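So the structure is just underneath, and the comments pick up after that.
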Amino acid sequence: MVNLKRIYDPVGDHDGERILVDRLWPRGVSRQAAALDSWNKAVAPSPELRQWFGHQPERFEEFRRKYLAELAHNEAAQQLQQDARHRTLTLLYAAKDPLHNHARVLQEFLTRTEAR
């Protein structure tokens, strides 16, 4: 199972392994408060793609397509796919928009692959 949660949300009993999937550390969150199991920067979108997207909802579908293409060739994402098959993961992100962000696309990628 792959869950999503903002890094600013409280830790939950059913979070499983908590993984920050942003390339940059979120503002205003201490490492202790984050209660991370790991920080996987390697599965975040490339800096160029992240900057192009700029959290603009009208660019989300094209961003999604490009990010899924990046993930298909990303060894860290493939390892995360394997992990998702065997345990509960909670992908943590800092973006304000819960619908138009890279963690949602990563969850889609991992979930789609889970069924294979």
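Summary of computed values
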read-out	value
Residues (assigned to a loop (DSSP other than H, G, I, E, B) and surrounded by 15 or more Cβ atoms within 10 Å (Cβ to Cβ)) located in segment 1-15	I7, Y8, D15
Only listed residue being hydrophobic (A, V, I, L, M, F, W, C) and in contact with a Phe, Trp or Tyr (Cβ under 7 Å, 6 or more places away or on another chain), chosen from A35, A94, A69, A77	A77
Subset of segment 25-52 that is of a type outside the set (S, T, N, Q), outside any loop (DSSP other than H, G, I, E, B) and touching a residue at least 12 places away in the same chain (Cβ under 8 Å) - its residue that is surrounded by the fewest Cβ atoms within 10 Å (Cβ to Cβ)	P47
Exclusive hit being over 19 Å from I19 (Cα atoms) and in contact with a Lys or Arg (Cβ under 8 Å, 6 or more places away or on another chain), set L91, L49	L49
Lone qualifier among L24, L49 - being more than 13 Å from the chain's Cα centre (by Cα) and of a type in the set (A, V, I, L, M)	L49
Flag for R104 being surrounded by 14 or more Cβ atoms within 10 Å (Cβ to Cβ), modelled with pLDDT of 95 or more, over 11 Å from the mean Cα position of the chain (by Cα) and of a type in the set (K, R)	no
Filter result (of a type outside the set (A, V, I, L, M) and touching a Ser or Thr at 6+ places or on another chain (Cβ under 8 Å)) within segment 1-52	N3, K5, G12, H14, D15, G16, E17, R18
Filtered residues of segment 86-109 (kept if under 13 Å from P45 (Cβ atoms) and of a type in the set (D, E, K, R))	R104
Filtered residues of segment 72-99 (kept if surrounded by 14 or more Cβ atoms within 10 Å (Cβ to Cβ), within 12 Å of the chain's Cα centre (by Cα) and not in a helix (DSSP H, G or I))	L89, T90, L91, L92, Y93, A94, A95
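The values are calculated or read from the model by the stated rules, or taken from the named source; none is laboratory data. Model, not experiment: these values are computed from the prediction. Reconstructed Cβ throughout: ideal geometry from the backbone, glycine too, with neighbour counts over all protein chains shown.
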